Every structure is written in structure tokens, then in C-alpha cells.
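Q: Can you read through this structure? Questions will come right after.
What follows is calculated from the coordinates using simple rules that are stated; it is not laboratory data. None of the values given here were measured: they were computed from a predicted structure. All Cβ positions, glycine included, derive from the backbone under ideal geometry; neighbour counts span all protein chains shown.
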Amino acid sequence: MTHSISRRSLLAVAGALLGPPLRASSGKKMRGVFVIAATPFTDTKAVDYEDLAREVDFLDRWGVHGLVWPQMASEYTMLTKDERLQGMETLARAARGKKPALVFGVQGPNTDAALEYLKHAEKLNPDAVIAIPPTEATTFDDFRNYYRALARNAKRPLFVQTTGGAKNIEPRIDFLVELAKEFPHCGYIKEEHNPVIPRMTELARHRPAVKSVMSGGGGRSMLYEARLGFDGTMPGACYGDIHAQVWDLADSGKTDAARDLFAKLLLMLNCDQQITGTRLYVMKKRGVFKTWMSRRTTFDPTPEAMAEIDHNLAALKPYLRS
């Protein structure tokens with residue numbers, strides 16, 4: 001006795017074996033300056049969703065290639081679960097029809113929490129997702145199982161960030177490459193684990209399985225990384241237009257102009273390290289946010305500190321796209 005199997009049945013079996021199908025690509029490249037959007041707060045330290053939505057308009061006008069939220073620079077550890085979910089919904093509405101690729105942070109302290117954020121993100125159809133390592137991991141197997149679970153459930157590009165999780169667990173390159181080969185949508189890395197440049201170089205040797213290698217660190221080495229052929233950087237929000245211009249100049253072969261503008265940007269990145277709250281001050285000064293409020297730090301600048309920030313910011317004024 002013979003049995004016929006319909007094409008639909010075969011596809012159902014294949015789907016069960018292979019996992020969820022990838023959705024059609026948005027066509028937006030995972031390359032360039034992907035800004036980590038900041039989280040605005042009111043004077044009472046409530047999340048200001050109005051300013052969060054307006055931030056998308058600014059980043060779009062500034063010419064950034066992507067925006068990412070929430071991550072470390074978004075103060076994500078200071079947000080409640082409900083605030084993160086509502087923030088994703090706010091950004092999904094605000095980013096609709098805009099040029100930058102939208103990337104949602106779906107990290108959690110453990111696998112179950114991350115999968116819950118991923119499930120919500122998938123409903124909002126971002127261009128990609130990103131996950132910081134789990135803070136509750138105690139072994140490399142915990143790290144491995146966390147990303148494999150996200151990979152099995154993600155339906156779009158998944159960036160693996162290599163820092164920000166539990167200490168003393170090294171994000172091994174052999175595993176990142178293994179993950180990229182097994183799950184083609186997981187060949188996207190935000191590399192911040194030292195030594196950063198050698199690790200990025202090693203990851204890039206495994207193209208095309210590894211599809212995009214980006215850095216963090218405020219974009220402080222972005223020109224060197226661009227020269228080495230890497231794919232971009234994920235800096236904080238307040239100089240997104242400058243980061244984007246530096247990238248575009250370098251990408252079009254205008255290396256001298258890129259270097260000169262980057263030198264001016266480094267003055268501000270230096271201020272960030274010297275004066276706590278510089279980014280908050282700049283976001284308010286540029287009219288992106290109503291306040292310079294933060295849940296992570298108290299910003300009470302002296303007149304001398306504000307004068308130093310303003311002096312260095314003046315060098316960027318001709319290039320600001322406000």
C-alpha cells in the first residue's frame with residue numbers, strides 16, 4: 001500500500017524541523033552608524049515617551065544608518081519591563097517610514113526573560129534585534145544556551161553583543177562563528193570584548209557566515225575600523241549626525257575630510273569621559289530632550305564644566321544637523 005504526501009504536508013514537516021521562517025528582509029543594510037538611542041526622562045524621572053518618539057525624528061534628519069534601543073547607553077537596566085515594552089511600541093510607530101534601520105534590544109538577565117522581550121519585539125517588526133549577554137549566567141553553557149534559544153526564535157537579523165553580561169564568561173569567537181553558520185540570521189556581532197580589534201579581525205575572516213562586525217566604545221576607533229573593512233559602530237545618540245558624516249566621508253574615500261571632522265568629534269568624546277553628564281547636557285542643549293534628567297547619574301554641572309562642553313561643542317557647530 002502506498003501513501004501520497006502533499007506538498008503542503010512536506011512544507012509543514014520541513015518547517016517543524018528548521019524552525020520559524022525568516023521574514024522578508026526590509027532591504028536596510030546592517031552597516032554604518034547605528035546610534036544607541038538615549039532614554040529621556042521627565043523632571044520626576046518618568047520615561048518621556050513623547051521625547052523618545054521625537055528622538056527618532058532627529059536621528060532620521062541627522063542621517064544615521066540605524067537606531068538601537070534599549071542598550072547600556074539607553075539606561076536599560078534602569079527601566080521596568082513595562083517601560084521597555086512601551087518604549088519599543090513608541091519607537092516602532094515613530095520609525096515607520098523613516099530611513100534608519102530599527103533594532104530592538106531584547107536582552108534579559110536569563111533566557112526566559114530575553115525570549116519574552118524577543119516575542120514582543122517580533123510583533124513590532126523591527127529590522128533587527130540585538131541582545132547583551134545574560135547577567136545571571138554562571139557558565140559558558142548558560143551563555144551558549146541563551147543565544148541559541150534567541151537564534152531559534154528570532155525571525156530577523158540577531159546581533160550578538162559581546163559585553164555587558166555576567167563577568168568572567170568570555171564570548172568565545174569559535175562559538176560566535178558556529179552560531180553564525182548554524183543560524184544564517186545570527187552572523188551579526190557588536191564586538192566590545194578586549195582585545196577588540198584583533199577579535200573583529202578574526203571574526204571578519206569568517207565571512208560570509210559572519211555578515212556584519214560592528215564596534216561600540218562611542219565610535220572612538222571607527223576610522224581605523226572602517227579602514228580595516230569592518231561594518232560600522234554603535235555610539236551614543238548626541239553626536240549621531242557627526243558620527244554619520246565621518247562614516248559617510250570615509251566610506252566615499254574622503255579620508256582627509258573624515259579625519260579632520262573626527263578630530264573635532266574626539267574633543268566631545270573626551271568631554272564625555274571627563275565630565276559626567278556631558279551627553280545629557282548636549283541632548284538638552286540640542287533640543288532633543290526637555291531635560292537632562294537621568295536615573296543612573298546625577299548631573300549638576302558647574303559653570304566651568306558647562307563652559308568646557310560648550311567650547312568643544314562649538315567646533316562641531318558648522319556640522320550639526322539640528
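Q: Go through [x] 0.95; [y] 1.00; [z] 1.13 and flag the label whose value is the computed Rg/Rh (Cα atoms, Kirkwood Rh) for this structure.
A: Correct label is [y].
Q: Then there is this: Answer rounded, prolate or oblate for region 94-150, using the Cα gyration tensor with square roots of eigenvalues a ≥ b ≥ c: rounded when a/c is under 1.5, else prolate when a/b is larger than b/c, else oblate. Please report the intermediate quantities before stating the final value.
A: On the way: a/c = 3.19, a/b = 2.56, b/c = 1.25.
Prolate, because a/c is 1.5 or more and a/b exceeds b/c.
Q: How far apart, in nm, are two points set 7 Å out from the Cα along the Cα-to-Cβ line at Asn153 and at Asn125?
A: My value for the distance between the label points is 2.2 nm.
Q: Using +1 at the C-beta of Lys and Arg and -1 at the C-beta of Asp and Glu, which of Ile189, Phe104, Ser252 has the Cα lying farthest in the positive direction of the dipole of the chain?
A: Ser252
Q: Once you place label points 7 Å from the Cα toward the Cβ at Asp43 and Phe140, how far apart are they in nm?
A: Placing both labels 7 Å beyond Cα along the Cβ direction yields 5.3 nm.
Q: Here's another thing I want to ask about it. When the dipole is taken about the Cα centre of region 113-204, and only Lys, Arg (+1) and Asp, Glu (-1) are charged at their Cβ, what size is it in debye, to the nearest 20? Present the calculation step by step, with values, prior to reporting the outcome.
A: On the way: 12 positive and 13 negative charges, 57 e Å.
So the magnitude is around 280 debye.
Q: Along the charge dipole of region 261-322, which of Met293, Thr276, Ser322 sits closest to the positive end, that is, farthest toward it, with unit charges on the beta carbon of Lys, Arg, Asp and Glu (+1, +1, -1, -1)?
A: So the residue we want is Ser322.
Q: Which one of Ile173, Val210, Leu118 is farthest out on the positive end of the charge dipole of region 26-255, using unit charges on Cβ (Lys, Arg +1; Asp, Glu -1) and the Cα centre as origin?
A: So the residue furthest toward the plus end is Val210.
Q: Oh, and also: For Asp60, what charge total do you get from the other residues with a beta carbon under 12 Å from its beta carbon, if Lys and Arg give +1 and Asp and Glu give -1?
A: Details: positive: Arg54, Arg61, Arg96, Lys98, Lys99, Arg321; negative: Glu55, Asp57, Asp241.
The answer is +3.
Q: Also, I was wondering about something else. Please report the spacing between the Cα centers of region 96-153 and region 295-318 in Å, no decimals.
A: Answer, in whole Å: 34.
Q: A further question follows. Starting with the highest mean, order 259-266, 70-77 by the number of other Cβ atoms within 10 Å, averaged over the residues of each peptide.
A: Values: 259-266: 17.0, 70-77: 20.2.
Result, highest mean Cβ count within 10 Å first: 70-77, 259-266.
Q: Based on DSSP H assignment, which helices of the chain show an axial Cα extent of at least 27 Å together with a mean Kyte-Doolittle hydropathy greater than or equal to 0.0? Let's see the in-between values first.
A: Working: long enough: 255-274 (28 Å, 0.07).
Membrane-span-like by this criterion, though nothing is claimed about a membrane: 255-274.
Q: Sticking with this one: Starting from 0.36 nm per residue, how many nanometres of slack lie between Arg321 and Leu85 once their C-alpha separation is accounted for? Write down the numbers at each step before the final one.
A: Working: separation 236, 0.36 × 236 = 84.96 nm, distance 2.99 nm.
That works out to 82.0 nm of additional length.
Q: Separate question: In deg cm²/dmol, rounded to 500, what helix-only [θ] at 222 nm does the chain give when every DSSP H run of at least 4 residues adds -39500 (n - 2.57) and the total is split over its residues?
A: Details: 12 runs with 145 residues, N = 322.
Estimated from H runs of four or more residues: -14000 deg cm²/dmol.
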